[in-house]
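Trainee: After the structure tokens below, expect a handful of questions from me.
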Amino acid sequence: MTVGGHQSDVRQFHPRARAALDNPQIRANFRSAMDGLMGKRQAAFEGWDLETLRDLGASIRLRALAKLPELLETLEANCTRQGIQVHWAETGDEACGIIRDLCRARGARRVIKGKSMVSEEMELNQFLEAEGIEALESDLGEYLVQLAQETPSHIIMPAIHKNTDEISELMHEKTGTDRSGDVAYLTASARRQLREKFQQAEVGISGVNFAVAETGTLCLVENEGNGRMTTTVPPCHIAVTGIEKVVEHLEDVAPLLSLLTRSATGQHITTYVNLISGPRQADELDGPEEVHLVLVDGGRSAIYQDPELLDTLRCIRCGACMNHCPVYTRVGGHSYGTTYPGPIGKILMPHLLGLEATRDLPSASSLCGACGEVCPVRIPIPTLLQRLRKESVDGDRLRPSVVKGRGVKRTWSEALAWHGFRWFAAHPGRYRLLGWMMSRFRGLAPRRLGAWTRYRSAPKPAPQTLHELMRQRSREGRS
Amino acid sequence: MSDVVKLYPAKPSKVYFYATCLVDLFYPEAGMAGIQLLEREGIEVLFPDDQTCCGQPAFSNGFNDQARDVIVSQLDLFPEDYPIVVPAGSCGGMIRKHYPELFAGTAWEAQARALASRTWELTDFLLNVCHIRLQDTGEPVRVAMHTSCSARREMGVAEVGPKLLGQLQQVELVAQARPAECCGFGGTFAVKHPEVSAAMVADKTDALEAAGADTFVTTDCGCLMNIAGYAEKQQRPIRGQHILSFLWQRSQQAGEGEA
Amino acid sequence: MSSARSTILARLRQGRAGQDWSAPDSDFSVVAERRWTAAEKLDRFEARMTSVNTEVVRVPESDWVECLKGRLQEKSLANLLVASELAHGRALARSWEGGDPQLVAYNRPFEQWPAGLFNHVEASLTGCRGAIAETGTLILWPTPQEPRLMSLVPPVHFVLLHASELYATLSEAMADQDWAGRGMPSNAVLVSGPSKTADIEQTLAYGVHGPRELVVLVLQ
């Protein structure tokens, strides 16, 4: 993972979360945005047997993961036969290098990009800029975020943290448009600016939503048309994907599309669903001469080693988990400091960056389960969070921890506290004695209990425990 | 893959009562209310004296070894095939959902699974096994039901509390905004991420008050401590109670024992 | 063969070694079975499309040319990109008159006329390979006669859809047209409305990069 860039300051979760909580603009923007997205999702699934559909989605993703190496080989064979050149990269850096070399081979100085989360993971734009290649984002939200020199705060709605005034100011400052609250005007301005860029770019880079092994097809969803532009206008198209995005059959795409668009933004379908299976054919008049597919591992095969953790790889990047997360809603995407924020971020980033770098993330959840309840492919997110907490403290001698950075959160003081817990709770006599003492000395119970009593009054032990009351009762013959 | 509890056991003559440590130490009246409600339904309640804690605090923080040791010390307390009733969604969820996975591949696996499969959240048990019918003897009051995340998502009992409250004629059940959103307790989450937790409990308190509730009730002492503790410190008028305490008080006939 | 490839595949196989994985069966009935009549399908299609700002016009097959001319005039469109060698292109040419908008042909690689295509073409007309009622979606498989950019670049896009080619679901269309069996073309696109975005404070705006207006003539 390249040093520098937004991935390096994950450790700042606490101060950033605090800052976000104190910022009424961010609180308001996210609250209304998440409420809207939750409502739209619910409306879009009305009339569906959603639980059965989620079962289907989960079975499709699990089937693909069960056969992952074979499907990758089949995907490669079919793509290659149809003229798509397939490249493999173990790390994000390696993938960046492959893309740079492809650009160099074409003498490309300007790249235009469609939305691709894995390219953000790889920090591709920064890499290319350092190599003298301009990489311009064409998705409107990503374009705005790039103009602001920020990072996306949500995987589907990258500029969700900005309101119209902020965007108007940003576009005025960076591109010379008039200050305006008219969204149609701002959009039309962006359209004009980017249309030039599509034609000037020598290379177009896109992500992939699903890579179909059976037909060697790259499936890409979008609303704006920039994905179509990016993959059609420049003479060379490079598609980048994580290796887990493969599906087995073309028919698998239909249910996943039904789940993806409704879970993400409440749309029954996106405006465009691109199905790319090859470059411009001999008799065609447009389309890229070259199409490349870069398959990125970037830590995914490591996740694959553990049958429980591999459920993390089912993800289809819809964003529903973060839309429903009470923590994400309040602290916003930037607090996490990682490519993927919210619940999926908390279970994925520890594998990509190691637990040392993401030490605050597994505990930043009340385990409410709202995420797992809406995940279209039934990723058991709360279970995986608990698993990562166990990894963080190396807390299970029966099942040794395996994740990179394991044990990083194990402190002698916390371990002592839980040993103390066991000392009492695994011995009924000691436990009853503790209860007795708490009830008898309840007047001495501390009023200040650190972070708890900053906001709440301290809980007061009862004058008699239930154990005591029940003993009394049985002595009195339950009268 | 969908997991919905559909089949309930027939009403038994005896049950084991697993109090949970928060009820035992902080809200014993809720435990006693639960026991009395069960006895009123003609069920003999067995209270194993050696019960302590379900192990969830350690488990949620990743200290599985300590959790297992605590649980193992109690596995033999429920030898007969009677249902185990628990006055808490989170501890019920711990036993039902997490005991099997925690003990998978160990010598205690079968026993843990067996216990998990006969563990029930108490209000769910009262409604769907005992088919309890409550008569209201109290004054009119406006109540909000706060369904904990574990009651809702792990135990699947979100409809139970409202149905029981609905049996009480003088109780008006009010509906708060965003009822399914977490109150911010999350065990140690409240102290490991105090500001985020505080923002959540603040919003929850606002919502309960905006709904016009005089009081809120819940199956979970963690949520109760969290919201009621916040309201008390911030000098907000809303009060909270464990739903079992509330149901017992409201349905107490003259001459029945005090909770 | 690259070493990254063999390393990745080896690692995946190692992760799976000794495990007996089988995924649960996939039951597709929840996305496949719909019992809609032709009329219901058409109503649903129209409702979905109009909800995202598409204009849907039901027109008898014999009248579509006049209908199209009317729309072109209403929108004050000066030209129309159309495939002259296809049946609908020939039908247009036959009934075109002096005052009608200029018919433009896409008959050479787009690199030879980018300014013309991007800056001067105001509208295009294409056929499609049927449509999907459930989501209000048109199936376009660009061809040498109707290349990709034809349905993307001009600000207004007209599509001819035969009402008889309306499928209930995407699954049905894929199966009926045997996409997997016959192989996919180099490019296919499902179009479900004019281009749009909600990236600015979740406020809808149309015509971001693709067409601002989509008009579907449903031929009955």
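Trainee: I want to confirm something. Restricting to segment A:407-426 and keeping residues that are surrounded by 17 or more Cβ atoms within 10 Å (Cβ to Cβ) and touching a Lys or Arg at 6+ places or on another chain (Cβ under 9 Å), which single residue is nearest to B:Phe63 (Cα to Cα)?
Mentor: A:Lys409
Trainee: Among residues belonging to segment A:443-454 that are more than 10 Å from chain B (Cβ to nearest Cβ) and of a type outside the set (A, V, I, L, M), point out the one that is nearest to the chain's Cα centre (by Cα).
Mentor: It comes out as A:Arg448.
Trainee: Does B:Asp220 qualify as being at pLDDT 95 or above, surrounded by fewer than 22 Cβ atoms within 10 Å (Cβ to Cβ) and out of contact with any Asp or Glu (no Cβ under 9 Å at 6 or more places or on another chain)?
Mentor: Considered against the rule, which asks whether it is at pLDDT 95 or above, surrounded by fewer than 22 Cβ atoms within 10 Å (Cβ to Cβ) and out of contact with any Asp or Glu (no Cβ under 9 Å at 6 or more places or on another chain), B:Asp220 comes out as no.
Trainee: Ok, one more. Suppose we keep only residues that are open to solvent by 10 Å² or more (accessible area, probe 1.4 Å) and not polar (S, T, N, Q) within segment A:376-389. Which one would you say is nearest to B:Ala151 (Cα to Cα)?
Mentor: Selected residue: A:Pro382.
Trainee: Another question about this same structure. Within segment C:168-218, can you find the residues that are in a strand (DSSP E or B) and at the interface with another protein chain (Cβ under 7 Å from one of its Cβ atoms)?
Mentor: Across segment C:168-218, the qualifying residues are C:Asn187, C:Ala188, C:Val189, C:Leu190, C:Val191, C:Lys196, C:Thr197, C:Asp199, C:Ile200, C:Thr203, C:Ala205.
Trainee: If I ask for residues that are in contact (Cβ under 8 Å) with a residue 40 or more places away in the chain and outside any loop (DSSP other than H, G, I, E, B), which ones from segment B:220-240 would you list?
Mentor: B:Cys221, B:Gly222, B:Cys223, B:Leu224, B:Met225, B:Asn226, B:Ile227, B:Gly240
Trainee: From the residues in segment A:30-41 that are within 12 Å of A:Ala264 (Cα to Cα) and in contact with a Gly (Cβ under 8 Å, 6 or more places away or on another chain), which one is surrounded by the fewest Cβ atoms within 10 Å (Cβ to Cβ)?
Mentor: It comes out as A:Gly39.
Trainee: For segment B:187-201, what are the residues that are open to solvent by 20 Å² or more (accessible area, probe 1.4 Å) and in contact (Cβ under 8 Å) with a residue 24 or more places away in the chain?
Mentor: Across segment B:187-201, the qualifying residues are B:Gly187, B:Thr188.
Trainee: A further question on this structure: Tell me which of these A:Lys390 doesn't satisfy, since it passes every other one: (1) in contact (Cβ under 8 Å) with a residue 12 or more places away in the chain; (2) under 30 Å from A:Asp55 (Cβ atoms).
Mentor: Of the numbered conditions (1) in contact (Cβ under 8 Å) with a residue 12 or more places away in the chain; (2) under 30 Å from A:Asp55 (Cβ atoms), the odd one out for A:Lys390 is (1).
Trainee: Take segment C:33-65 and flag every residue that is open to solvent by less than 60 Å² (accessible area, probe 1.4 Å) and within 8 Å of another protein chain (Cβ to nearest Cβ).
Mentor: Answer for segment C:33-65, where residues must be open to solvent by less than 60 Å² (accessible area, probe 1.4 Å) and within 8 Å of another protein chain (Cβ to nearest Cβ): just C:Val52.
Trainee: Only one of B:Leu102, B:Leu77 is open to solvent by less than 20 Å² (accessible area, probe 1.4 Å) and in contact (Cβ under 8 Å) with a residue 12 or more places away in the chain; which?
Mentor: After ruling out the rest, the residue left standing is B:Leu102.
Trainee: Continuing with this model, one more query. Right, A:Arg106: in contact with a Leu (Cβ under 8 Å, 6 or more places away or on another chain), open to solvent by 10 Å² or more (accessible area, probe 1.4 Å) and either more than 13 Å from every other protein chain (Cβ to nearest Cβ) or not polar (S, T, N, Q) (or both) or not?
Mentor: No.
Trainee: I would also like to ask the following. Select the helices (runs of 4 or more DSSP H) contained entirely in segment A:122-180, then report the ones holding at least 1 residues which are away from chain C (no Cβ under 14 Å) and open to solvent by 10 Å² or more (accessible area, probe 1.4 Å).
Mentor: A:124-130, A:164-175
Trainee: Here is a follow-up. Taking into account only those residues within segment A:74-93 that are over 28 Å from A:Phe198 (Cβ atoms) and at the interface with another protein chain (Cβ under 7 Å from one of its Cβ atoms), which is most open to solvent (accessible area, probe 1.4 Å)?
Mentor: A:Glu90
Trainee: Further, regarding this structure: Between residues in segment C:1-22 that are open to solvent by 60 Å² or more (accessible area, probe 1.4 Å) and residues that are not polar (S, T, N, Q), which pairs lie under 7 Å by C-beta distance while being six or more apart or on different chains?
Mentor: C:Arg13/A:Pro69; C:Gln19/A:Pro307; C:Trp21/A:Ala66; C:Ser22/A:Ala66
Trainee: Filter segment A:453-479 down to the residues that are at pLDDT 95 or above and hydrophobic (A, V, I, L, M, F, W, C), then identify the one that is most open to solvent (accessible area, probe 1.4 Å).
Mentor: Looking at residues that are at pLDDT 95 or above and hydrophobic (A, V, I, L, M, F, W, C), I get A:Leu469.
Trainee: Of everything in segment A:356-382, what is without any contact (Cβ under 8 Å) to a residue 60 or more places away in the chain, of a type outside the set (Gly, Ala, Ser) and within 11 Å of chain B (Cβ to nearest Cβ)? Give them in sequence order.
Mentor: A:Pro362, A:Leu367, A:Cys368, A:Cys371, A:Glu373, A:Pro382, listed by residue number.
The values are calculated or read from the model by the stated rules, or taken from the named source; none is laboratory data. All figures in this text were calculated on a predicted structure; none of them were measured in a lab. Neighbour counts run over all protein chains shown; Cβ positions are idealised from the backbone, glycine included. Surface areas here come from the heavy atoms of the whole protein model, side chains and all, with no ligands, DNA or RNA. Shrake-Rupley method; radii C 1.70, N 1.55, O 1.52, S 1.80 Å.
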